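In what follows, a structure is listed as structure tokens, so that the remarks can point back to it.
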Amino acid sequence: MREISLMIANQEFSRLVKKVESGESFVITRRGRPIAKLVPHRMDKMADPEWASAYRRMIALLDDPAGLGGLRVHREEIYDG
């Protein structure tokens, strides 16, 4: 993550936004101290119909023991330990 002064960020904001759109991130500083981050926005995965559909199928499989050959698995067990 690159550092950039507030003055430069203000003067070159459009250029910075284009770089952020391509995946770069910046720490904006004032007098050498970090004050803000400019990072790409993360899309809400559930807004993606393909991802949301795959997620719902996975949850249905976990909730249906027959889908796992009779093996009963609870979500809580997956994340324990």
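Under the condition of being surrounded by 11 or more Cβ atoms within 10 Å (Cβ to Cβ) and among the acidic types (Asp, Glu), which residue from segment 9-24 is modelled with the highest pLDDT?
So, considering only residues that are surrounded by 11 or more Cβ atoms within 10 Å (Cβ to Cβ) and among the acidic types (Asp, Glu), the one modelled with the highest pLDDT is Glu12.
Six or more apart or on different chains, Cβ atoms under 6 Å: show the pairs whose first residue is in segment 32-48 and more than 10 Å from Leu6 (Cα to Cα) and open to solvent by less than 70 Å² (accessible area, probe 1.4 Å) and whose second is assigned to a strand (DSSP E or B) and of a type outside the set (A, V, I, L, M).
Leu38/Phe26
Between a residue in segment 1-25 that is part of a helix (DSSP H, G or I) and any residue that is among the aromatic types (Phe, Trp, Tyr) and loosely packed, with under 11 Cβ neighbours inside 10 Å, which pairs come within a Cβ distance under 6 Å, given they are 6 or more apart or on different chains?
Sorted first by the residue in segment 1-25, then by its partner, the list stays empty.
The values are calculated or read from the model by the stated rules, or taken from the named source; none is laboratory data. Given the structure is predicted, the values throughout are model-derived calculations rather than measurements. Quick reminder, even Gly has a Cβ in these numbers, built from the backbone with ideal geometry, and neighbours come from all protein chains shown. Surface areas here come from the heavy atoms of the whole protein model, side chains and all, with no ligands, DNA or RNA. Shrake-Rupley method; radii C 1.70, N 1.55, O 1.52, S 1.80 Å.
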